[in-house]
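Peer 1: Quick one: structure below, then a few questions.
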Amino acid sequence: MSQYQIAVVVGSLRKDSFNRKLANAIARLAPPEFSFKHVDIGGLPLYNQDDDANPAESVRRLKAEVTAAQGLLFVTAEYNRSIPGVLKNAIDHASRPYGQNVWAGKPAGVLGVSIGATGTSMAQQHLRNVLAYLDVPTLGQPEAFIHTKDGLFDEAGNIGADSKKFLQSWMDRHVAWVKKHAA
């Protein structure tokens with residue numbers, strides 16, 4: 001049985017982020033051969049091409065963690081109908097300098113949860129556009145635009161009973177996607 005490490009990128013820095021809770025809870029739905037490592041994007045400097053020749057330690061760490069992963073899980077908030085700036089900054093850092101894109105070829109899943117009725121649909125679509133350009137094979141179906149409400153998480157922080165069947169199905173598809181596309 002192969003082992004798969006998934007780099008988890010949460011597009012929210014808020015301590016009590018719904019998206020961080022979702023990332024932690026959905027990882028528990030994966031089979032035992034999958035492990036999930038959260039990638040810290042909060043300490044990255046703003047991307048500046050002048051720094052490409054001598055990147056900050058936080059940038060080198062980000063690139064190493066993505067390189068070591070067999071797959072990706074993006075769990076993002078939606079800010080002003082798009083992806084948060086901190087997430088775009090991390091994507092830019094790990095895709096530069098030109099020709100050194102560590103995201104390329106890594107199979108990915110995209111999720112998000114929001115208090116809004118449409119979940120994070122616009123942010124997810126914008127993120128998918130960016131990932132397509134960066135040559136990241138991204139799971140297309142099922143889409144998961146999750147509206148947070150009572151019962152989404154149980155007392156232990158797991159996916160609640162009302163959402164578990166759907167999110168287990170999503171995780172099963174993500175697992176199959178990673179196994180199919182992991183190099």
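We did not get these values from a lab; they are worked out from the coordinates using the rules stated. In this text, all values refer to a predicted model and were calculated from it rather than measured experimentally. Using ideal geometry, Cβ is built from the backbone for each residue, glycine included, and neighbour counts are taken over all protein chains shown.
Peer 1: Against the definition (under 17 Å from S17 (Cα atoms) and assigned to a loop (DSSP other than H, G, I, E, B)), how does G157 come out, yes or no?
Peer 2: yes
Peer 1: Further, regarding this structure: Could you say whether any residue in the range 105-128 is surrounded by fewer than 19 Cβ atoms within 10 Å (Cβ to Cβ), more than 26 Å from R14 (Cβ to Cβ) and not hydroxyl-bearing (S, T, Y)?
Peer 2: The answer is yes, given that some residue of the range 105-128 is surrounded by fewer than 19 Cβ atoms within 10 Å (Cβ to Cβ), more than 26 Å from R14 (Cβ to Cβ) and not hydroxyl-bearing (S, T, Y).
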